[in-house]
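To start, the structure under review is shown below, and the notes come after it.
The values are calculated or read from the model by the stated rules, or taken from the named source; none is laboratory data. Keep in mind the model is a prediction, meaning the values are calculated, not measured. Every residue, glycine among them, receives a Cβ derived from its backbone with ideal geometry; neighbour counts consider all protein chains shown.
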């Protein structure tokens, strides 16, 4: 791993917490700051901490691993209203990370998001879940809000599903008429691999901003995901995968190696 893509772990942060930061955070950074996503100036650059001034952002799935980091980067980017959703058990946690309004994901649809945003301009919608249903919800929100930026779009995570982005969401976004008075909705997919050469201009300064005793994590401007620890080393990977398959909420599943599995400095995380 190139040294420019790693960062010192602050003394306040455990190895288990650190294991789940880079991949999910990089996915958000590409969605927010690369032109394949929304293309904002990042908060570590001059003026980047003010790009959200006077605007709102909608994040679908605020309690997910990616969603938690999206809320925090949106706050660091200066958005005045961050609207998201989660299970009721995680609402207060997501608010503590910087969300202004957290809706109950089981009972909130496009109408509730539109009411929560109100008259404030929506820059874009970020879908941290990127299931077919959430992609369609993101399109519906952008179609119905009172004000949206001229370059507004729905940004989703690229998944291994063959029909991605969801064909129905794409069709819905292209629909003309009074149901889409705001105009068409473009769907953009991102894949968070910070080691790619064309993404290093984001991944390298991001790691510099996060790590060390003077970085965002040490200063509590950026909080790692809570950890669901699975003991047992490499032999417990199947157990960890099964936990994810069944569904976890508001936590990152991390496998802790046995002492003998530290050879080469390898950590396994999911």
### Task
Would you check which residues across the stretch 106-136 are free of Cβ contacts under 8 Å to residues at least 60 places away in the same chain and in a helix (DSSP H, G or I) and list them?
110, 111, 112, 113, 114, 115, 116, 132, 133, 135, 136
#### Entry: Filtered residues of the stretch 186-201 (kept if surrounded by 20 or more Cβ atoms within 10 Å (Cβ to Cβ) and modelled with pLDDT of 95 or more)
187
### Message
Being over 23 Å from residue 228 (Cα atoms), under 16 Å from the mean Cα position of the chain (by Cα) and in contact (Cβ under 8 Å) with a residue 40 or more places away in the chain narrows it down to one residue among 69, 38; which is it?
### Response
38
### Task
All but one of (1) free of Cβ contacts under 8 Å to residues at least 12 places away in the same chain; (2) assigned to a loop (DSSP other than H, G, I, E, B) hold for residue 13, so report the exception by its number.
(1)
### Query
For residue 101, are the conditions met, namely being without any contact (Cβ under 8 Å) to a residue 60 or more places away in the chain and in contact with a strand residue (DSSP E or B) (Cβ under 9 Å, 6 or more places away or on another chain)?
yes
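Rundown of residues vs (1) in contact with a helix residue (DSSP H, G or I) (Cβ under 7 Å, 6 or more places away or on another chain); (2) assigned to a helix (DSSP H, G or I); (3) under 17 Å from residue 206 (Cα atoms), yes/no style:
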| residue | (1), (2), (3) |
| --- | --- |
| 26 | yes, yes, yes |
| 30 | yes, yes, yes |
| 58 | yes, no, no |
| 70 | yes, yes, yes |
| 75 | no, yes, yes |
### Summary
Going through (1) surrounded by fewer than 24 Cβ atoms within 10 Å (Cβ to Cβ); (2) in a helix (DSSP H, G or I) one by one, residue 103 fails only at (2)
### Query
So which residues in the stretch 121-173 are more than 23 Å from residue 65 (Cα to Cα), buried (at least 17 other Cβ atoms within 10 Å of the Cβ) and out of contact with any strand residue (DSSP E or B) (no Cβ under 8 Å at 6 or more places or on another chain), if there are any at all?
140, 143, 144, 172
### Message
Checking the structure you have, find out if any residue of the stretch 189-202 is more than 20 Å from residue 64 (Cα to Cα) and in contact with a strand residue (DSSP E or B) (Cβ under 8 Å, 6 or more places away or on another chain).
### Response
no
